[in-house]
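Here the structure is laid out as structure tokens; the discussion comes afterwards.
The values are calculated or read from the model by the stated rules, or taken from the named source; none is laboratory data. For clarity, every value in this text was computed on a predicted model and none was experimentally measured. Cβ atoms come from the backbone with ideal geometry, glycine included; neighbour counts cover every protein chain shown. The protein model used for the area step is the full one, side chains on, heavy atoms only, and it has no ligands, DNA or RNA in it. Shrake-Rupley method; radii C 1.70, N 1.55, O 1.52, S 1.80 Å.
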Amino acid sequence: MTDRVLKGAESKVIEELNKSLELDEKQYMGIYADYLIANGVILPPCDIGKTVYKVSCLGEIVPLNVANFRCSVITSPYMLIPFDNFGKTVFLTPEEAEEKLKEIKNNA
């Protein structure tokens, strides 16, 4: 099954590339990732409808509702969060976010 899904992802990327030759590498990888997420090959870090907690640059914890997935998590209010931000600036629980905020303040 995985080979079939990966070939489907390659076909989807080729289809998108044929539409526009101006895609950069990030857009190309985004199309590929979106296809893999939609077909269950890549598992997102959380579910749609879940609240995640972002540590802001202002030293606040901002709750965000997960609205959708593409090559990143899309939240409401609208924000794109790359998957690799989880555990760095975005957390699944408020307690994890508080711990990170304390760590940042102690290192300041």
Based on what the data block shows, is V52 at pLDDT 90 or above and either surrounded by 11 or more Cβ atoms within 10 Å (Cβ to Cβ) or in a helix (DSSP H, G or I) (or both)?
-> yes
Filtered residue count, segment 21-42, keeping only those that are assigned to a loop (DSSP other than H, G, I, E, B) and modelled with pLDDT under 70 | 7
Which one of S76, S56 is farther than 24 Å from I31 by Cα and of a type in the set (S, T, Y)?
-> S56
Could you list, in sequence order, the residues of segment 68-88 that are open to solvent by 50 Å² or more (accessible area, probe 1.4 Å) and either β-branched (V, I, T) or farther than 17 Å from K100 by Cα (or both)?
-> N68, R70, C71, S76, P77, Y78, M79, L80, P82, F83
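Output the number of residues of segment 55-83 satisfying the condition of being of a type in the set (A, V, I, L, M, F, W, C), outside any strand (DSSP E or B) and more than 9 Å from the chain's Cα centre (by Cα).
2
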Determine, yes or no, whether F91 is touching a Pro at 6+ places or on another chain (Cβ under 6 Å), surrounded by 10 or more Cβ atoms within 10 Å (Cβ to Cβ) and not basic (K, R).
-> no
